[in-house]
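Q: Have a look at the structure that comes next, please.
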Amino acid sequence: MPTPTIDSQVHAYERNSPERPWQGFLDGPDEVTGDDMVAAMDAVGVDGALLVSPYSMYRFDPSYALEVYAKHPGKFGIIRPFDPESETIDEDMAEWTSTPGVVGARIMLTYGDYDDGSHPGLNAIVAAAGHAGVPINIMSTGKMHVVGELARRNPNTQLVIDHVGLEQPRHPPAPPQPWADLAGVVAMAEFDNVAIKISGACTMAHEPFPYPDIWEPLDKLFNAFGFERCLWGTDWTRAINVLTYEQGVEAFRVTDTLSDSERSMLMGGALTKVYNWSPSID
C-alpha cells in the first residue's frame, strides 16, 4: 500500500461572527471551512492533514477544529495551542490528549515574552505532552535557542519546529535573504527529539513555480535532520496570498531533486512516524 500524502499544517476557520468571534486576524479569505479544506485536498490527491487550530483567530479555543474533525474524522489529526501562563496545564493536556482526533499540541513562542528555555510554563507544556506521548509543535521563528533548551530539558518529548523555523512572508515578494538564519535551524538537528516541518517553504522562493531556488537551502535541512524528521506541509491558508494550494503540493511532486523514496518519506511517511497517525483512506 502506498504511503499516504499528508500535509503537516493546514488551518480552517469560520467567518467572524458573534457566535465564534475572531480574537485577531489571519491573512486569507473571510472563511475557509473544513469542507473547503477537504475539497482543496481532494482536488490534488492529499489524503490527510494536521489541522492546527489558528491562534491568530481563536487563541486557545479549539472548538472549531474539533467540529471539523467530527465531520471529517478520517482526514484530520487535530492540534491546538497551549497557554504557557495557564495554571492548569497538566489537567488541560490530559483532557486534550484524551480527546478523539488529537495528535499533538502547540506552543507559540512568537507571541509573548518567551526568550528563556527555562520558562516553567513552557517546560510544563512540553513535559505534559511527553507524558501523554504526543508531539509539541513550536512556532519559534528567531528563537532556536529556546527550542534547543526545551529539547535538552525534555528529552522524552518529541518537538516539531513549525515552518522551517524561519520568518515566512504572508504576501509576495519574499524578503531578499529569506534563509539568512538557516544555520541556527540546522543546528537543532543535533537533538534527536526535534523534527521539522518543511511547511510554507514555497512562500520563501524568489523564482516562480515550481520554485527551484528553495531546494539548495532545503537540502541543508534534509542532510542535517534526515528525511525521517522532515515533514512537508503547505501552511494553508496562511500562504494563500503567495501561491495556490495546488502549487504548494505539486512543487514537491515535480521536482527532480528528490528520489521517490525521499518524496514518500517527506510527504507523509515521516509524519506517520512522528505523530503516530495516518488518515483513513477509502
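The values are calculated or read from the model by the stated rules, or taken from the named source; none is laboratory data. What you see is a predicted model, and the numbers here were worked out from it, not measured in a lab. Every residue, glycine as well, gets a Cβ built from its backbone with ideal geometry; the counts of neighbours run over all protein chains shown.
Q: Kindly list the number of the only condition in (1) farther than 19 Å from SER278 by Cβ; (2) at pLDDT 95 or above; (3) assigned to a helix (DSSP H, G or I); (4) not hydroxyl-bearing (Ser, Thr, Tyr) that fails for PHE60.
A: Status for PHE60: all satisfied but (3).
Q: If I ask for residues that are among the polar types (S, T, N, Q) and assigned to a loop (DSSP other than H, G, I, E, B), which ones from region 75-116 would you list?
A: Result: SER86, THR88, SER98, THR99, THR110.
Q: Regarding region 24-41, can at least one residue be identified that is under 19 Å from VAL102 (Cβ atoms) and either surrounded by 23 or more Cβ atoms within 10 Å (Cβ to Cβ) or of a type in the set (S, T, N, Q) (or both)?
A: Checked against the condition, which is being under 19 Å from VAL102 (Cβ atoms) and either surrounded by 23 or more Cβ atoms within 10 Å (Cβ to Cβ) or of a type in the set (S, T, N, Q) (or both), region 24-41 yields at least one hit.
Q: So ILE6 passes all but one of these: (1) over 29 Å from LEU122 (Cα atoms); (2) out of contact with any Phe, Trp or Tyr (no Cβ under 7 Å at 6 or more places or on another chain); (3) buried (at least 18 other Cβ atoms within 10 Å of the Cβ). Which condition number does it fail?
A: Here ILE6 meets the rest and fails (1).
Q: Among the numbered criteria (1) farther than 22 Å from MET267 by Cα; (2) under 13 Å from the mean Cα position of the chain (by Cα); (3) among the basic types (Lys, Arg), which single criterion is violated by LYS197?
A: (1)
Q: Can I ask one more? With respect to the numbered conditions (1) outside any loop (DSSP other than H, G, I, E, B); (2) closer than 30 Å to MET1 by Cβ; (3) out of contact with any strand residue (DSSP E or B) (no Cβ under 9 Å at 6 or more places or on another chain); (4) free of Cβ contacts under 8 Å to residues at least 40 places away in the same chain, which one is the sole condition not fulfilled by GLN247?
A: The single condition GLN247 does not satisfy is (4).
Q: Still on this structure: Quick check: is even one residue across region 99-109 in contact with a strand residue (DSSP E or B) (Cβ under 8 Å, 6 or more places away or on another chain) and of a type in the set (Lys, Arg)?
A: Yes, the conditions are met somewhere in region 99-109.
Q: Given (1) touching a helix residue (DSSP H, G or I) at 6+ places or on another chain (Cβ under 6 Å); (2) in a loop (DSSP other than H, G, I, E, B); (3) free of Cβ contacts under 8 Å to residues at least 40 places away in the same chain, identify the lone condition not met by GLY142.
A: (1)
Q: Additional query: Name the single residue, out of those in region 184-223 being in a helix (DSSP H, G or I) and aromatic (Phe, Trp, Tyr), that is farthest from GLN168 (Cα to Cα).
A: Top of the filtered list is PHE222.
Q: When region 250-282 is examined, which residues are found to be of a type outside the set (Phe, Trp, Tyr), part of a helix (DSSP H, G or I), buried (at least 18 other Cβ atoms within 10 Å of the Cβ) and touching a helix residue (DSSP H, G or I) at 6+ places or on another chain (Cβ under 9 Å)?
A: Result: ALA251, ARG263, MET265, LEU266, MET267, GLY269, ALA270, VAL274.
Q: Scan TYR58, TYR13 and give me the residue that is of a type outside the set (Gly, Ala, Ser), more than 20 Å from ILE196 (Cα to Cα), surrounded by 23 or more Cβ atoms within 10 Å (Cβ to Cβ) and in contact with a Pro (Cβ under 8 Å, 6 or more places away or on another chain).
A: TYR13
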